[in-house]
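Step one of this worksheet: look at the structure below.
The values are calculated or read from the model by the stated rules, or taken from the named source; none is laboratory data. Values in this document were obtained by computation on a predicted structure and should not be read as measured data. When we count neighbours, we look across all protein chains shown, and the Cβ atoms used for this are built from the backbone with ideal geometry, even at glycine. Only protein heavy atoms, including side chains, enter the accessible area calculation; ligands, DNA and RNA are left aside. Shrake-Rupley method; radii C 1.70, N 1.55, O 1.52, S 1.80 Å.
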Amino acid sequence: MLPEPLPRPEPIGNDEYRERRRTLMKRLPADAAVLLPGASLVTRSRDSDYPFRQRSDLHYLTGFPEPEALLLLLPGRSDGESVLFCQDRDPTLEAWTGRRLGAEGAVRVYGIDQAFGNAERDERLEALLDGRTTLYLPLDDAEALALAEELRGRLAARERRGARPPRAFADLAPLLHEQRLIKSESELALMRHAAEISALGHVRAMRAARPGLMEYHLQAELEHEFRWHGGSGPAYDSIVGGGANACVLHYIENDKPLRDGELVLIDAGAEFDLYAGDITRTFPVGGRFGDAQRELYEVVLAAQERAVASVRPGTTLREIHDGVLRDLTAGLIRLGLLDGEVEARIEDDSIKRFYLHSTSHWLGLDVHDVGDYRHEGEPRPLLPGMVLTIEPGLYLPDEEDIPAPYRGIGIRIEDDVAVTTEGCEVLTDAVPKRVAEIEALLAMQ
């Protein structure tokens, strides 16, 4: 029997999208404007496109789901401060590719102040931006920058007739991405759901695992669960690495057999309403950890659990990472894989041979979400509403100087954690991670 699909949480409403736009515009000069393109369809081959996903920034400000959109924010404009250009209605094309909202639908469904079809874009943009001194846009977006330069040039050509082109371009990212860093209650509800779907996928894959399957069989189990419960699919390319493949941090081939006596590392998360889950678990293909595997796993687990417990307002990611480095280094020294003193091995970077990445990253509309990790030149303190991962790991290469029982073992344990006023909420704790819990789950196959 297939399980009942999980009930969907409430989507983010237009009032919240309007408030996000207002909050951003309050931080702009009165004579500024925002120009923000959405995503376009990308051809995969011939007449086949990659699945469309809206750009996260435009989605954050509007929720608008269609390609070829362009958002303008015009503080103080009497006819409406938000203007969206979108695909024109076209019954013939819609018969092939699906209905389009059109300008009227963008206003009616998504609460945009004013909207126009893309056929009117060129003739209207100049008038809308005339007199706006500073134009905020994503400066790393070549398409947006080219459009802004074209518009400024066209307005400059009419300066003698009274046109006033933008005098400066400014990067929108620092303002908007700082805003995105703190999640609202509505966002947290969606992220809890993405985490719950992700957790169900991991548990399903763990129950399915057995020697003789291929890595992609576990990927199929994961991604079935993501879709079954309303996710749009994986939030990033799923990683299923058996044996030494787990030592490749972004291994995505997922095409090798799973062998008895080896571990398998799964790093995968569901995307729900564009919000990402991100979980990693490592477990034995044959159902029980070997002695060396258990020893290494317990080192990573202890570091991960201590790091999760340290998440609270005021802590920094630097402090969390430094604690993980000390715990992992001490564990490797205890197992004889490093020698000497903990601080000395951290200082000379010996630990980096076995732990190559940071402990945390922001999580949200992007799996590696936006927002600076430093504030005023210093590691930024955590605040309620931030969501981050905690994901220490150890990766022991298959090399001669590594004791044979430990060679080719890769272990990572990752949870999604929301900062609260009192401490933190672990969004992904529905997936077992302690040795006895994992072995008990695997015994239920």
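Computed quantities for the displayed model
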quantity	calculated
Identity of the residue in segment 148-164, open to solvent by less than 20 Å² (accessible area, probe 1.4 Å) and under 23 Å from Ser40 (Cα atoms), that ends up farthest from the chain's Cα centre (by Cα)	Leu151
Answer from Leu41, Leu84 - the residue that is under 19 Å from Leu128 (Cα atoms) and aliphatic (A, V, I, L, M)	Leu84
Matching option when the condition is under 16 Å from Ala302 (Cβ atoms) and of a type outside the set (A, V, I, L, M), among Glu378, Glu414	Glu414
Residues satisfying the stated conditions in segment 413-424, i.e. within 18 Å of the chain's Cα centre (by Cα) and in a strand (DSSP E or B)	Glu414, Asp415, Asp416, Val417, Ala418, Val419
Single unsatisfied condition, Ser350 versus (1) among the hydroxyl-bearing types (Ser, Thr, Tyr); (2) in contact (Cβ under 8 Å) with a residue 24 or more places away in the chain; (3) open to solvent by less than 40 Å² (accessible area, probe 1.4 Å)	(2)
Where a residue in segment 36-59 is without any contact (Cβ under 8 Å) to a residue 60 or more places away in the chain and its partner, wherever it lies, is polar (S, T, N, Q), with Cβ under 7 Å and at least six apart	Gly38/Gln54; Ala39/Gln54; Asp49/Thr43
Flag for Pro405 being part of a helix (DSSP H, G or I), surrounded by fewer than 23 Cβ atoms within 10 Å (Cβ to Cβ) and not β-branched (Val, Ile, Thr)	yes
Qualifying residue in segment 83-103 (condition: touching a residue at least 12 places away in the same chain (Cβ under 8 Å) and hydroxyl-bearing (Ser, Thr, Tyr))	no
Tally of residues being out of contact with any Pro (no Cβ under 9 Å at 6 or more places or on another chain), open to solvent by 20 Å² or more (accessible area, probe 1.4 Å) and part of a loop (DSSP other than H, G, I, E, B) across segment 361-379	6
Flag if Asp339 is free of Cβ contacts under 8 Å to residues at least 12 places away in the same chain, surrounded by fewer than 21 Cβ atoms within 10 Å (Cβ to Cβ), assigned to a loop (DSSP other than H, G, I, E, B) and of a type in the set (Asp, Glu)	yes
Condition met for Glu399 (more than 15 Å from Thr316 (Cα to Cα) and open to solvent by 60 Å² or more (accessible area, probe 1.4 Å))	yes
Contacts under 8 angstrom Cβ, first residue in segment 428-445 being surrounded by fewer than 16 Cβ atoms within 10 Å (Cβ to Cβ), partner of a type in the set (A, V, I, L, M) and assigned to a loop (DSSP other than H, G, I, E, B), 6 or more apart	Gln445/Ala209
Residue count for segment 25-38, restricted to those that are buried (at least 20 other Cβ atoms within 10 Å of the Cβ) and under 23 Å from the mean Cα position of the chain (by Cα)	2
Yes/no for Leu383 being under 28 Å from Gln54 (Cα atoms) and in a loop (DSSP other than H, G, I, E, B)	yes
Wholly enclosed strands (runs of 3 or more DSSP E) of segment 172-284 bearing at least 2 residues open to solvent by less than 30 Å² (accessible area, probe 1.4 Å) and within 30 Å of Leu35 (Cβ to Cβ)	270-272
Residue list for segment 7-40, restricted to those being aliphatic (A, V, I, L, M) and either within 20 Å of Leu139 (Cα to Cα) or at pLDDT 95 or above (or both)	Ile12, Leu24, Met25, Leu28, Ala32, Ala33, Val34, Leu35, Leu36, Ala39
Of residues in segment 289-320 being of a type outside the set (Ser, Thr, Tyr) and not in a helix (DSSP H, G or I), the one nearest to Gly423 (Cα to Cα)	Arg312
Options Glu425, Glu343, Glu376, Glu400: the member that is more than 23 Å from Val264 (Cα to Cα) and at pLDDT below 95	Glu376
